[in-house]
Every structure is written in structure tokens, then in C-alpha cells.
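The values are calculated or read from the model by the stated rules, or taken from the named source; none is laboratory data. Here the structure is a predicted model, which is why all the values come from computation and not from measurement. Every residue, glycine as well, gets a Cβ built from its backbone with ideal geometry; the counts of neighbours run over all protein chains shown.
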Amino acid sequence: MLEVSKDFVYHGNVTYLAVMTAISTAFVASITVFTNGITNPRSPFSAEPMKSVSVPT
């Protein structure tokens, strides 16, 4: 049983698949963070001080 498990783990294609899965997961996470930073940027200013400002019509 152990020998079969060892052969499965050390098989090249499974190892490549595991590495590519880890790399693609990290890539998707970094792209998500980058995209959210562009589409939903945090404003450096708070909206609280602007409550008292009114626009004359």
C-alpha cells in the first residue's frame, strides 16, 4: 500500500498538476485583489465632514 502511494505521489504529472493548482490559485487571488483595488478604491477622505456642505440652487 505504501509503495503504491509513493509511486502516485512521485509521479511527474500529478506533481505538476499540484504545483500548477497552487500557482493558479495564487494568481487568481492576486488578480482579484488588483481588480478590486481599481474598481473599488478606498477614498482617502471620509464623507462625514461633507454632510454640512450644501450646493446652492
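Here are some notes:
- Selection from region 5-40 of residues that are at pLDDT below 70 and not small (Gly, Ala, Ser): Phe8, Val9
- Test: Val55 is among the β-branched types (Val, Ile, Thr), at pLDDT below 80 and surrounded by 10 or more Cβ atoms within 10 Å (Cβ to Cβ): no
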